[in-house]
Structure formats: C-alpha cells, structure tokens
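Read-outs throughout are calculated quantities, based only on the coordinates presented, and are distinct from any laboratory measurement. Source: prediction; values computed, not measured. For neighbour counting, all protein chains shown are included, and Cβ atoms are generated from backbone atoms with ideal geometry for every residue, glycine included.
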Amino acid sequence: MTQATSGLTATLGYPRIGKHRELKKALEAFWQGQFDEASLYQTAQAIELQNWQVQLAAGIDRIGVGDFSLYDGVLDWSLRLGIVPERFQHLTGLARYFAMARGQTGIPALEMTKWFDTNYHYLVPEITMPLQPADFSDFLATVQRAQAVLGERAVPIVLGPLTLVRLSRWTGDLVSLLTEFHNRYVSLLTALKRLNVVEVQIHEPALVLGDAHQYQSFYQSTYQTLAQVGLPIQLVTYFDDLGSAYPWVVELPVAGISLDFTRGRNLELVQTYGFPSNKQLGVGIVDARNVWKIRPDEVLATLKTLQAITPHLRVQPSASLQFVPYDVRLETKLPEPLYHVLSFAEQKLREVRQLAQALQGVAEVAAELETLRQQWQAFYAFSPVNPAVQARLQNLQPSDFSRPLPYEQRKLQQPVLPPLPTTTIGSFPQTPEVRQLRVKLKRGEITKAEYEAAIDAEIAKCIRYQEEIGLDVLVHGEFERTDMVEFFAQQLAGFAFTEHGWVQSYGSRCVRPPIIYGDIARTQPMTVREFRVAQSLTSKPVKGMLTGPVTMLNWSFPRTDISRKEQAFQIALALRDEVADLEAAGARMIQIDEPALREGLPLKPERWEEYLTWAVDAFRLAAGVARPETQIHTHMCYSEFGDIIAHIQRLDADVLSIENSRSNNQTLMQIVEGGYTHQVGNGVYDVHSPAVPATEQMVQLLQAGLAHLPAEQIWVNPDCGLKTRRWEEVIPALKNMVAAAQQLRAQVHGASH
Ligand code: GLN
Ligand code: ZN
C-alpha cells in the first residue's frame with residue numbers, strides 16, 4: 001500500500017454554476033443558439049479557473065479538481081467510462097451530451113433523480129454491456145490545466161466504481177461488469193500517475209447506504225486491484241456514517257479515508273473501533289450541506305478527540321461545497337448578526353484552514369476563533385425567540401395532532417361530489433406577464449393595490465376557465481406565488497432570504513433556499529385573501545392551498561442548533577392557524593402539499609422511523625385543527641410509497657393526490673398494495689410534457705386504477721401543478737381529463753345500478 005501524502009487541508013469539490021451563475025447563462029444561450037461551443041467551454045473554464053484560484057488563495061493543501069461539469073458529474077463519468085445507451089450512440093460531442101441530459105425529439109433523456117438525500121439531481125446511468133470505449137481525455141486535460149495553476153495541490157476527484165454501479169440502472173452480471181470497470185479505472189489511475197499527481201480522491205458515498213455490506217467483497221476486490229497502480233488513493237465518503245461497514249472499510253488498501261463528521265455517528269465509530277494509524281483520516285468537519293459557520297468549541301473538541309486516536313488528520317469540508325452558495329460577501333441585505341454567522345463556500349475554505357491551524361497551535365487563530373465565539377453570542381442574542389411559539393410548543397396535547405373524528409365519520413360530513421371527482425394540484429400557468437407583475441411591484445412601478453388587482457384578474461380568468469372545463473373542485477391558481485416554499489417563508493417570521501445564494505438543483509437550474517434563523521411564526525393570514533377572491537366567483541368548492549411543514553423545512557437551510565422536528569412543528573403551528581383562517585373564510589377543502597416528505601428520508605433505513613414519526617406528526621399538527629366537515633387533501637409527487645405506506649396512511653389526509661402517469665400506475669399500485677384506505681387523486685396527466693394527453697389514454701390509466709380500488713376512493717387530477725405549462729396546452733389537456741372522468745362515471749354508475 002502506498003503511504004498517505006501529507007497536507008493538512010483538503011477540499012472535495014466546489015460549486016460549478018459560477019459566482020454569478022455564469023454557467024447557467026452560458027448554457028441557456030448555447031441551447032438557444034446564441035452561443036457557440038467555444039464560448040461555452042470558455043465560460044466553463046473561466047469558472048473552473050476561478051474556483052481553483054480561490055481555493056489556492058485560501059491555502060488549501062489538497063484541492064479537489066475535475067469535479068466541474070457542464071451539466072452533471074455523474075453524466076460525465078458515464079460518458080468517460082463508455083456508458084452510453086444505444087439511443088444516443090449515433091450522436092457525438094455536445095449534441096450527444098445534452099441529448100443524454102435533456103432529451104431530443106424522439107429520444108428521451110436519461111432519468112434524473114436526487115443525489116442521495118440532497119436537493120441536487122443527477123442523471124441515472126443506464127449500463128448495458130458491452131460498454132462503448134472509455135475516453136478520459138477531457139478529464140486528464142482538466143487535471144493538467146489544474147496542475148499548471150495548483151501544482152501538486154491538484155488532486156483529481158474520481159467517482160468511484162461501486163457508487164456508480166449502485167446508482168445506475170443495469171442488467172446482467174455484476175462480476176463481469178466490475179471486471180470491465182476495473183480495467184477502465186486502472187487505465188485512468190495509471191494515466192493520472194503518469195501526470196505525477198500526488199494522490200487521487202475516489203468518491204464512494206454509496207458506502208454510507210444501509211446496503212453497503214452486500215457489496216463488501218466487491219469493494220475489497222476493486223480496491224485491491226486499484227491499489228496495484230501505486231497511486232495513493234483517498235477513499236471519500238459523506239452524507240452519513242459508515243455504520244456497520246466501518247470495520248472493513250477502514251481496512252481497505254487505500255492511503256486514506258474521508259468521513260463525514262457533521263452527520264451520523266462516525267465519531268462514535270472511530271472511538272469504538274479505532275482508526276488505522278498508517279492511514280490518513282480525512283475529517284469532514286466543516287458542514288458542506290448548510291450555510292452556518294462552525295461552532296469552534298464543538299468542532300475543536302471533535303478534532304482533539306480524533307487527534308488522540310489517530311495521527312494523520314486532514315481537515316476538510318464534509319462533502320463537495322456544491323450544496324452551498326459561493327460567497328456570503330455578496331449579500332448586502334441580511335441582518336448583521338445573522339450575516340456574521342453565515343458561511344458559504346468561500347468562507348468555508350477559510351474555516352477549514354483555521355481549524356487546521358488551530359490543530360497545529362498557530363497562535364493567531366486563537367483570536368479569530370474568539371471573534372467567532374462572540375459572533376455566535378451576538379447571533380443568539382439577536383435570533384428571534386418567540387415566547388408565544390415556545391409556549392405553544394410546550395403545551396402541545398396529543399389531541400392537537402388528531403382530527404376530531406375518524407375518517408369514515410368525517411367522510412359523511414364532507415362535500416358530496418360526483419363519482420371520480422376532477423380537480424387540479426393548485427398552480428396554473430405562470431406566464432411571463434404574471435412574473436412581470438412582481439418585477440414591477442418590486443421596482444415600485446405599480447402599487448400593491450394594482451398588483452393585487454392584476455392577480456385577482458388572473459384568478460377570475462382561472463376560475464372561469466375551470467368552470468368551462470367542467471372541473472368539480474377548483475383552485476385559485478397560485479399566481480401570487482414565486483415558489484411554493486419562498487412564498488410562505490416570506491410571510492413568516494424566522495426566515496431570511498439571500499440575494500445571490502443560489503445552489504445548483506440540476507443542469508442550469510438553481511434554487512435559492514431560505515434560511516431559518518429564528519422561531520417561526522405567522523404574523524398574518526397568508527393565503528386567505530386570494531382564496532376569498534376565488535371562492536366568491538364560483539359556487540363550486542375552491543381548495544385552499546398550503547405548503548406543508550416538512551416540505552418547507554426540507555427545502556430551506558435549517559438551523560442546526562434546534563432539532564428539525566422542532567422547526568417542523570413551529571412551521572406546522574403557523575400553518576395550523578392558516579388552516580383555521582381558511583376554514584373561517586369558507587374553505588370546505590384545504591390541500592397541504594408535502595412533495596418533499598419522501599425525499600427527506602434518512603439514508604439509513606434504521607433512522608426512517610424516527611424521521612417519519614415527527615414528519616407525519618408535523619403534518620397532523622397543521623391539519624388537526626380542521627373541522628370534520630373540512631376535507632383535507634395532501635399532494636406528493638414523484639415519490640415512492642412502497643416502504644412508507646403505513647406512515648402515509650397515518651397522515652390521515654382525506655385525499656392524497658399523486659403522480660401516476662409517468663410511473664405507469666406504479667405509484668398507485670404501491671398505494672393499493674399497501675392497503676391505503678382513504679381517497680387517492682390519481683395523476684393521469686404528465687405535467688412535464690408539452691403533449692396534450694388523449695382522453696383514451698387517461699381512461700386507460702383510470703381503468704387500471706378502478707380495477708384495484710373502488711370508485712368512491714378515486715379522484716382524477718394531473719400529476720402535479722401546471723405552473724410551467726402554457727394555457728394552450730393546459731386547457732385541452734384538462735378538457736380531455738374531464739371527458740375521461742365523465743366517460744368512466746357513466747360506466748361506474750351503470751355498474752352500481
Ligand atoms: N400546489 C403546488 C402546485 O400546484 C404543488 C407543487 C409540487 O408538488 N411541487 O404547483
Ligand atoms: Zn407535485
């Protein structure tokens with residue numbers, strides 16, 4: 001085994017969208033034909049160079065390079081390793097690359113899914129043998145460019161073979177697949193060794209998944225093979241602890257192992273089992289998944305504990321910094337005490353260095369850490385503690401988490417609708433004109449009253465269309481909302497917003513998650529005005545429309561000094577008041593969306609129960625105030641329910657609407673097989689496609705549902721909200737949907753009489 005190289009600090013990857021979202025803009029210009037290939041690469045390399053320079057200036061010893069991507073890093077590794085599905089093989093270059101990422105007429109893109117428990121989406125490799133030839137030339141060229149700037153500090157980041165396989169769709173025999181991979185990785189490492197890199201990072205986050213032990217022998221044979229190249233390997237894991245795999249992972253023939261000390265129980269594992277003294281321990285202690293500065297006393301205590309156990313430590317972020325924005329210094333509007341405890345990628349580099357210096361006993365650091373302690377003190381003094389919220393949390397009673405009557409009895413009191421009632425998920429097209437209204441309001445070009453009048457005109461139009469289409473349960477259309485989380489967060493005390501805090505969600509798409517910094521409280525009704533406007537225009541029921549507590553939490557940067565459960569409960573209390581106000585305003589149905597509930601599941605199944613218990617409780621706390629006659633809906637799209645159906649049932653929503661058209665009835669079947677007893681809104685219209693689905697197609701989907709669930713349990717709706725679609729698509733699609741329901745209604749009636 002090759003010895004670890006020295007170097008006290010390291011990074012595992014950096015944001016790639018560009019400090020001012022240069023990559024996003026370049027990609028969009030390229031796709032629209034306004035930018036040529038050379039300009040796109042030029043922008044990309046400029047971002048990459050800047051990333052390297054910043055890390056160099058911060059004094060990082062081992063700078064991860066080669067993680068930059070035009071769209072997605074997993075896609076890049078698929079291409080390098082020759083994993084190209086047949087439908088893309090006739091294409092070349094960027095045409096092939098973007099076809100795999102985004103699809104082309106007649107050629108569906110690779111499937112996209114969440115990267116572990118983050119909000120980043122990667123493209124799922126589809127492996128079929130034989131592979132296409134491997135080609136690492138772009139990666140090797142990047143490494144050489146990096147070496148020219150960073151010298152021996154440049155450390156290539158390679159996606160590990162077992163993580164790649166674990167996250168792929170593949171068929172065939174794992175042994176022969178891995179044998180093929182071994183050859184390809186050996187040739188890559190050999191080429192890197194020839195470039196004189198001092199070490200390579202191989203990222204294997206799949207090691208933290210609950211099923212890692214099933215792959216133990218494959219990890220062992222893979223790393224035996226790769227070790228023979230003689231290039232020191234830093235085996236990198238993150239997002240959770242190694243769990244029961246710890247004892248054998250630390251014995252793999254590599255020079256160093258990186259662990260995440262911000263999540264899970266790696267510290268305990270190191271204390272229990274020790275750590276091989278001849279290996280480097282990469283200590284991922286600066287949180288790469290959240291925006292808070294380190295709390296110096298906590299992290300130093302961890303580092304000192306580790307130092308007493310094993311000699312070769314390296315301080316680093318817990319994962320790639322791609323999950324946080326670039327630079328907090330771009331923010332000009334945050335309250336001072338909050339600003340001083342925030343740390344984005346650039347600030348986190350500084351923290352890595354500070355901690356390494358503190359370990360070495362560098363004197364100047366002591367003063368810096370003292371300043372940091374004071375900044376935290378100032379933050380705690382400032383951060384709004386709301387005594388009323390605290391008192392409510394203290395006094396919660398079991399009955400607060402339950403509707404007053406069980407579902408079967410509530411159902412009898414709830415609105416009577418035709419069989420297979422039709423509805424939508426909430427949003428209707430957000431046209432450029434609607435978005436422009438908000439820009440004008442912000443610039444002061446229109447008054448609040450003018451803005452609201454324009455929104456109301458949209459609501460009126462939307463109600464009129466829905467009545468013409470013949471839907472049974474209407475919505476107001478969500479025209480006033482920028483985003484389903486931001487809209488609520490902006491009206492709640494305890495949330496802060498950045499101007500430039502973008503993080504990549506996928507490809508060119510970025511999100512700007514709000515930051516929870518104090519007790520969350522509702523200061524006034526948030527949705528009642530628009531609801532009233534809509535309901536006043538129709539005799540059909542209009543659904544009140546809220547974003548659920550768990551989704552609000554999972555799509556924000558939460559506090560780390562307060563449990564996620566407590567933060568979810570605080571949001572739930574605010575929503576509970578909103579539910580009561582909507583009811584008082586005449587809402588007979590209220591939908592509480594929880595699309596992010598499933599994705600918040602911990603990586604390790606043994607922690608699911610705990611999460612699902614408080615997550616479902618938070619939902620029940622928000623909904624529990626509703627009177628029996630008020631029908632509570634929830635919506636969860638693009639989720640798998642198979643293994644969590646008991647918890648979905650425990651939400652105790654009267655109606656659950658799901659995406660189903662894309663999964664070809666899979667989602668519905670999971671619900672049926674799980675024995676779900678409440679009503680299900682069956683998604684029959686794929687809202688991600690501009691295509692208008694035919695009535696017949698939707699009839700077929702519904703019939704499949706009717707074969708397994710009684711008609712009384714089924715609603716008819718699109719898969720998700722319609723805000724990204726155009727009116728010209730939505731109106732005919734919904735007309736067809738209503739026609740499909742009506743057609744089946746006749747049959748259902750016929751059958752029961
Ligand atoms: N009510 C939201 C909408 O219709 C739900 C969006 C979602 O599930 N992501 O847009
Ligand atoms: Zn949805």
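The calculated FRET efficiency for Gln307 paired with Glu712, based on their beta-carbon distance and R0 = 51 Å, is about 0.20.
Placing a label point 7 Å from the Cα of Ser563 along the Cα-to-Cβ direction, none of the residues of the stretch 290-306 has a backbone N under 19 Å of that point.
Would you work out if the stretch 585-726 is rounded, prolate or oblate? Take a ≥ b ≥ c from the square roots of the eigenvalues of the alpha-carbon gyration tensor; rounded if a/c is under 1.5, else prolate when a/b is larger than b/c, oblate otherwise. Judged from the Cα gyration tensor, the stretch 585-726 comes out prolate (a/c at least 1.5, a/b above b/c). Once both labels are positioned 7 Å from their Cα atoms along Cα-to-Cβ, the gap between Gln224 and Gln374 label points is 5.9 nm. Computed about its Cα centre, the charge dipole of the stretch 148-203 is approximately 80 debye, with only Lys, Arg, Asp and Glu carrying charge at their Cβ. Taking a threshold of 31 Å on the Cα-Cα distance, which of the pairs Lys24/Lys540; Lys19/Lys279; Lys24/Lys440; Lys114/Lys193 fall above it? Beyond 31 Å between Cα atoms: Lys24/Lys540; Lys19/Lys279; Lys114/Lys193. Between Leu49 and Thr179, what FRET efficiency follows from the Cβ-Cβ distance if R0 is 30 Å, with the result rounded to 0.05? That pair, Leu49 with Thr179, gives E of 0.20. Local charge for Arg512 was computed over the other residues whose Cβ lies under 10 Å away, with Lys and Arg +1 and Asp and Glu -1, and equals -3. For the chain, the Kirkwood hydrodynamic radius from C-alpha pairs, put into Stokes-Einstein at 25 °C and a viscosity of 0.890 mPa s, yields a diffusion coefficient of 89 µm² per second. Of all DSSP bridge pairs formed entirely within the chain, close to 20 percent run antiparallel.
Sorted on the mean count of surrounding Cβ atoms within 10 Å across their residues, most packed first, peptides 695-701, 70-76, 569-575 read 569-575, 70-76, 695-701.
With q set to 0.12 Å⁻¹, the log10 of I(q)/I(0) for the stretch 203-292, from the Debye formula over equal scatterers at the Cα positions, is -0.34. Computed over all pairs of different Cα atoms, the Kirkwood value for the hydrodynamic radius of the stretch 56-190 is 16.0 Å. Positive-end ranking of Ile83, Val249, Leu281 along the dipole of the chain, with charges on Cβ about the Cα centre, is headed by Leu281. May I ask for the angle, rounded to the nearest 10°, between helix 608-623 and the longest principal axis of the chain, with both axes built from Cα atoms and the value confined to 0 to 90°? Tilt of helix 608-623: around 30 degrees.
The C-alpha atoms of the chain define a longest principal axis, and helix 296-309 lies at about 50 degrees to it.
Considering only C-alpha atoms, what is the centroid distance from the stretch 142-173 to the stretch 242-275, in Å? Each part's Cα centre sits 21 Å from the other's.
Each peptide among 233-242, 53-62, 638-647 gets the average number of other Cβ atoms lying within 10 Å of its residues, and from highest to lowest they stand as 233-242, 53-62, 638-647. The packing ranking of peptides 150-158, 280-288, highest mean first, is 280-288, 150-158, where packing means the average number of other beta carbon atoms within 10 angstrom of each residue. In a reduced charge model with +1 at each Lys and Arg Cβ and -1 at each Asp and Glu Cβ, the chain shows a dipole moment near 740 debye about its Cα centre.
Counting beta carbons within 10 Å around each of Cys637, Cys720 and listing the fewest first gives the order Cys637, Cys720. If the viscosity is 0.692 mPa s and the temperature 37 °C, what Stokes-Einstein diffusion coefficient in µm²/s follows for the stretch 508-631 when Rh is the Kirkwood radius over Cα pairs? So the translational diffusion coefficient is about 212 µm²/s.
Distance from the Cα centroid of the stretch 658-714 to that of the stretch 573-629 is 23 Å (rounded to whole angstrom).
Across the stretch 619-684, counting alpha-carbon atoms alone, Rg and Dmax equal 11.9, 36 Å. Summing Cβ point charges (Lys, Arg +1; Asp, Glu -1) relative to the Cα centre of the stretch 1-143 gives a dipole of roughly 240 debye. Taking the three principal axes of the alpha carbon atoms in the stretch 467-509, the coordinate ranges are 42, 32, 12 Å, sorted in descending order.
The trypsin sites (Lys or Arg not before Pro) of the stretch 632-735 that DSSP puts in a loop, and whose beta carbon has at most 12 other beta carbons within 10 Å, are Arg726. Straight-line cross-link reach from Lys442 at under 20 Å between alpha-carbon atoms covers these aspartates and glutamates, not counting any fewer than eight positions away in the same chain: Glu331, Glu433, Glu450, Glu452, Asp456, Glu458, Glu478, Glu480, Asp483, Glu486, Glu499, Glu530.
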